[in-house]
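Below is one structure, written out as structure tokens; the observations come after it.
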């Protein structure tokens, strides 16, 4: 009887996408400045659902809108396997809590998520850039993941200012990331947290 219950439990977990066979592993970092890291395993079935959502994008703006939601979902999945579910937008609502994330943690982890999505063919209209840093008033630093639009098949390329911050630091864990034109983000745009 115990053996049968164990087998049913393993099958149930596999059906829910918790099997690590064939899973993609991404390291998430947390506790400010990437002080701690945890491996997160993304089951193929769960990742495929997210990639399908991105594949349905009709244009660049639609892909960015969908990407914001997908990044939030990736953080929610990561919270099932690490303490980052405790993270709240900004740096004050989760002060001192294990799993809190500052902008360095978010820029690093979101870039890793974006790179995984790109490697799996999930980005049709954008490419991943290195994390960006904004410096305001010579002391206020903030980091974000970043993307830019790709040249279109006809050969016309977007202007240089078609780059975007993908900033998950502004929101609680699992909520859609904030995607802003990079120029506006550098000027201080974003939710006040």
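Bear in mind these aren't lab numbers, they're just calculated from the coordinates by the rules spelled out. The structure presented is a predicted model; accordingly, all values stated were derived computationally and were not measured. Cβ coordinates were reconstructed from backbone atoms using ideal geometry, including for glycine residues, and neighbour counts include every protein chain displayed.
Descriptive notes on the structure:
- Residues 42, 150, sorted so that the one with the fewest Cβ neighbours within 10 Å comes first: 150, 42
- Modelled spin labels at residue 93 and residue 55, positioned 7 Å past Cα toward Cβ, are 3.4 nm from each other.
- Mean separation of Cα contacts under 8 Å, 6 or more apart, over the residue count of the range 19-186: relative contact order %: 24 percent
- Stretch gain in nm, segment residue 65-residue 127, where the contour uses 0.36 nm per residue and the Cα spacing is subtracted: 20.8 nm
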